[in-house]
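A.B. asks: Take a look at the following structure, please.
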Amino acid sequence: MLPLLLPTLLALLATVVHSYPEGAGICAADASSIAAVGAMGAQNPALPFTLTVPGNVTTFSAAAPVTLTLNGAGTYSGLLMYGAATVDATSHAGNFSGFDPTMFQTLDTATTTGVANCATYGLASTLSHTSSTPKTLPQNFTWTPPSGPGTGTVNFFAAVVVSGVTGFNIVQLASPLTGA
């Protein structure tokens, strides 16, 4: 019995820890979307992550880059981050650039099995990890707002995954940014 049970238990453990090792499997950082795909552990609000912008930045200008910083203690394995009016918006604003492509990617194609294709949400507008390799904090990301008018208010949302055992936390900026 034990020889049959051991491989099954090991397979289940591997699934829990490495379900999305090459990128997020979803395009929205809300708890119900994450629960629907499972295997990222339970939401854990005690995980000490924050998302900030430098100084007292409250506005953005068209095509002027903004630095976002993911802060916290320890390391994390997975990330899904975007700017939008609401956490469940189907349109993400602006685009991410300047990140290390060995660690991060925008979710614009479905070339990797199991990784979400978020191109319909906006090209280069949804950022994720490329591997489950632990990433250190703080981590800076460059976001460029759209060049056209009418962007309005944008908040930033991030699902930060530690592991399938420790879980994930969803964070956002303390206050949205307003287009100038």
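The values are calculated or read from the model by the stated rules, or taken from the named source; none is laboratory data. Every value quoted in this text rests on a predicted model; they were computed, and no experiment measured them. Virtual Cβ from ideal backbone geometry, glycine too; neighbours counted across all protein chains shown. Only protein heavy atoms, including side chains, enter the accessible area calculation; ligands, DNA and RNA are left aside. Shrake-Rupley method; radii C 1.70, N 1.55, O 1.52, S 1.80 Å.
A.B. asks: Criterion first (under 13 Å from CYS27 (Cβ atoms) and modelled with pLDDT of 95 or more) does TYR121 satisfy it? Outline the logic, then answer.
C.D. replies: Numbers: under 13 Å from CYS27 (Cβ atoms): yes; modelled with pLDDT of 95 or more: no.
The answer is no for TYR121.
A.B. asks: How about the range 123-177: which of its residues are among the aliphatic types (A, V, I, L, M) and not in a strand (DSSP E or B)?
C.D. replies: LEU123, ALA124, LEU137, VAL165, LEU173, ALA174
A.B. asks: What number of residues within the range 53-74 are surrounded by fewer than 23 Cβ atoms within 10 Å (Cβ to Cβ) and more than 17 Å from PHE99 (Cβ to Cβ)?
C.D. replies: Qualifying residue count, the range 53-74: 13.
A.B. asks: If you don't mind, there's one more thing I want to ask. Can you confirm whether the range 75-85 contains a residue that is on the phi > 0 side of the Ramachandran plot and surrounded by fewer than 14 Cβ atoms within 10 Å (Cβ to Cβ)?
C.D. replies: To start, the set of residues in the range 75-85 that are on the phi > 0 side of the Ramachandran plot comprises none.
No, the conditions are met nowhere in the range 75-85.
A.B. asks: Looking only at the range 140-150, filter to residues that are open to solvent by less than 10 Å² (accessible area, probe 1.4 Å) and within 21 Å of THR90 (Cα to Cα); which one of those is modelled with the lowest pLDDT? If you could, list the steps in order and put the result at the bottom.
C.D. replies: Of the residues in the range 140-150, the ones open to solvent by less than 10 Å² (accessible area, probe 1.4 Å) are 141, 143, 145.
From the residues that got through so far, the ones that are within 21 Å of THR90 (Cα to Cα) too are 143, 145.
Details: TRP143: 96, PRO145: 93.
That would be PRO145.
Rundown of residues vs (1) closer than 20 Å to PRO48 by Cβ; (2) in contact with a Pro (Cβ under 8 Å, 6 or more places away or on another chain); (3) open to solvent by 30 Å² or more (accessible area, probe 1.4 Å), yes/no style:
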site: SER91; (1), (2), (3): no, no, yes
site: GLN105; (1), (2), (3): no, no, yes
site: PRO134; (1), (2), (3): yes, no, yes
site: PRO138; (1), (2), (3): yes, no, yes
site: GLY152; (1), (2), (3): no, no, yes
site: ALA158; (1), (2), (3): yes, no, no
site: PHE168; (1), (2), (3): yes, no, no
